[in-house]
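Remarks on the structure that follows.
Throughout, read-outs are computed from the coordinates displayed, never taken from laboratory work. Just so you know, these numbers come straight off a predicted model, no measurement behind them. Note that each Cβ is placed from the backbone with ideal geometry, even for glycine, and that neighbours are counted across all protein chains shown.
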Amino acid sequence: MKTTARPVPSSIDETLALLGEANYLADRSLATVLFLALRMGRPIFLEGEAGVGKTEVAKVLSQTLGRRLIRLQCYEGLDVAAAVYEWNYAEQMIAIRLAEAEGNVDRNRLEHDVFSERYLIKRPLLQALEPDTAGAPVLLIDELDRTDEAFEAFLLEVLADFQVTIPEMGTVKAAHPPIVVVTSNRTREIHDALKRRCLYHWIGYPSAERELSIVRTKVPGVGKRLSQEVVHFVQALRKQDLFKAPGVAETLDWASALAELDAVALDPATVSDTLGVLLKYQDDIARFEGSGAKELIDQVRAELRAAE
Ligand SMILES: Nc1ncnc2c1ncn2[C@@H]1O[C@H](COP(=O)(O)OP(=O)(O)OP(=O)(O)O)[C@@H](O)[C@H]1O
Ligand SMILES: [Mg+2]
């Protein structure tokens with residue numbers, strides 16, 4: 001797909017509107033940090049619970065600004081070969097054998113040839129530094145907390161200067177730095193030195209009002225009453241002491257599931273049968289089956305009535 005780049009927004013309101021174009025409903029504090037990160041050319045570091053829209057920020061920026069999305073999914077053991085570049089050894093070996101077979105082995109020339117761009121496999125971080133006619137890409141470094149500290153230290157260098165040194169070839173520096181979004185689920189603390197390079201924002205669970213707007217926008221088939229009950233039920237669940245509270249992703253899934261079942265309001269039986277869409281641990285589910293579901297539904301209805 002050919003995309004044309006749009007310039008970065010010039011105000012917080014424009015940033016909110018930009019995100020809204022892709023149905024991402026951000027609160028003003030997130031829009032402010034994003035606006036500043038885009039204007040100042042600094043990476044943005046997003047932390048928060050699971051399913052609150054961290055990864056989506058990068059996708060939405062790429063979509064609305066018309067930039068390529070380059071994604072680096074982090075995992076334990078991620079190394080430079082998978083994140084930055086690696087030499088294509090097999091191709092290099094073939095080139096060397098062919099040169100030998102032809103009997104034309106000029107050592108220096110051969111070395112120069114096999115360590116040229118042709119034999120370089122570019123991984124996400126290197127790709128993100130390359131010039132792009134559609135404007136600097138969006139680089140998503142997702143779930144950084146899953147990598148180890150050695151990789152984090154390496155990343156620090158890349159993010160500081162937007163450059164990578166390949167010993168056999170030289171330094172690759174981005175003419176236009178990418179828009180960098182780093183996310184973490186906070187399974188471990190990320191080092192201060194890396195955070196210092198970035199603008200930081202914690203994405204919390206949305207307010208009931210904003211979550212309702214998100215459901216209405218993303219699952220338009222759900223009726224008014226059901227969407228209200230769904231959102232208030234999830235918000236009440238988050239106040240309970242759960243092993244794993246549901247994120248916005250789960251609210252959206254649950255609203256879609258209930259709409260699929262033609263529900264118009266919550267009832268204990270349907271809630272009990274569909275809890276697996278919302279909660280992913282048996283201990284949590286067991287607490288809210290049957291009478292647990294009924295109690296919470298009653299509480300939600302009372303709240304909604306009081307707010308009318
Ligand atoms: N503010 C929002 N506006 C619209 N949609 C949202 C918002 N927040 C979250 N969502 C939706 O919730 C879902 C989950 O978002 P996302 O995958 O970005 O979460 P995450 O924080 O990266 O979660 P994880 O930590 O599990 O990776 C997506 O479908 C996203 O569209
Ligand atoms: Mg994510």
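Pairs to check: Lys54/Lys280; Lys54/Lys195; Lys59/Lys280; Lys59/Lys224; Lys59/Lys239. Give those whose C-alpha atoms are more than 18 Å from each other in this structure. The partial results should precede the final answer.
Numbers: Lys54/Lys280 20 Å; Lys54/Lys195 16 Å; Lys59/Lys280 25 Å; Lys59/Lys224 28 Å; Lys59/Lys239 30 Å.
Beyond 18 Å: Lys54/Lys280; Lys59/Lys280; Lys59/Lys224; Lys59/Lys239.
Helix content alone sets the calculated 222 nm mean residue ellipticity of the chain: runs of n ≥ 4 DSSP H residues at -39500 (n - 2.57) each, divided across all residues, give -15000 deg cm²/dmol. Think of the range 5-133 as a dipole: +1 on every Lys or Arg Cβ, -1 on every Asp or Glu Cβ, centred on the Cα centre; then among Val52, Asn108, Asn88, Val52 lies furthest on the positive end.
Between the DSSP loop rule and a limit of at most 15 other Cβ atoms within 10 Å, which trypsin sites (Lys or Arg not before Pro) in the range 167-199 are left?
Details: sites: Lys173, Arg186, Arg188, Lys195, Arg196, Arg197; in loops: Arg186, Arg188.
When the trypsin sites (Lys or Arg not before Pro) of the range 167-199 are filtered for loop state and at most 15 Cβ neighbours within 10 Å, Arg186, Arg188 remain.
Taking label positions 7 Å along the Cα-Cβ direction at both Thr4 and Arg39, the computed distance is 2.6 nm, reported to one decimal.
Sequence-ordered 3J(HN,Hα) estimates for the range 134-151 from the Karplus curve with 6.51, -1.76 and 1.60 and θ = phi - 60° stand at 8, x, 4, x, 9, 9, 9, 9, 8, 6, 4, 4, 7, 8, 9, 5, 4, 5 Hz, glycine and proline given as x. In a simple Cβ point-charge model (Lys, Arg +1; Asp, Glu -1; nothing else charged), the chain has a dipole of about 900 debye relative to its Cα centre. When the alpha-carbon atoms of the chain are used, the pair Rg, Dmax equals 24.5, 89 angstrom. Since only Gly170, Phe151, Ser184 are under comparison, the one whose Cα sits farthest along the positive direction of the charge dipole of the range 134-231, derived from C-beta charges on Lys, Arg, Asp and Glu, is Ser184.
Antiparallel versus total DSSP beta bridges in the chain: what percent is that, nearest 5? The answer is about 30 percent antiparallel. Per q in 0.13, 0.20, 0.23 1/Å, what log10 I(q)/I(0) does a Debye calculation on the alpha-carbon atoms of the range 132-254 return? Each listed q corresponds, in turn, to -0.75, -1.10, -1.27.
Taking loop as defined by DSSP and a crowding limit of 15 other beta carbons within 10 Å, which trypsin sites (Lys or Arg not before Pro) in the range 228-308 fit? Show your work: numbers first, answer last.
Values: sites: Arg238, Lys239, Lys244, Lys280, Arg287, Lys294, Arg301, Arg305; in loops: Lys244, Lys280.
Loop-located and lightly packed - Lys244, Lys280.
Overall, the range 241-296 carries a charge dipole of about 120 debye about its Cα centre when +1 sits on the Cβ of Lys and Arg and -1 on the Cβ of Asp and Glu, all other atoms neutral.
Summing Cβ point charges (Lys, Arg +1; Asp, Glu -1) relative to the Cα centre of the range 103-156 gives a dipole of roughly 360 debye. Projecting the Cα atoms of Gly276, Gly204, Ala255 onto the dipole axis of the range 196-277, where Lys and Arg carry +1 and Asp and Glu carry -1 at the beta carbon, places Gly204 farthest toward the positive end. Sparse packing (at most 15 other Cβ atoms within 10 Å of the Cβ) combined with a DSSP loop state is found for the following GluC sites (Glu not before Pro) in the range 157-189: Glu168, Glu189. What separates the Cα centres of the range 43-75 and the range 195-219 is a distance of 13 Å.
For the chain, modelled as a GNM with alpha-carbon contacts under 10 angstrom, which of Ser207, Ser256, Ser116 fluctuates the most? Result for the chain, Cα springs under 10 Å: Ser116 fluctuates most.
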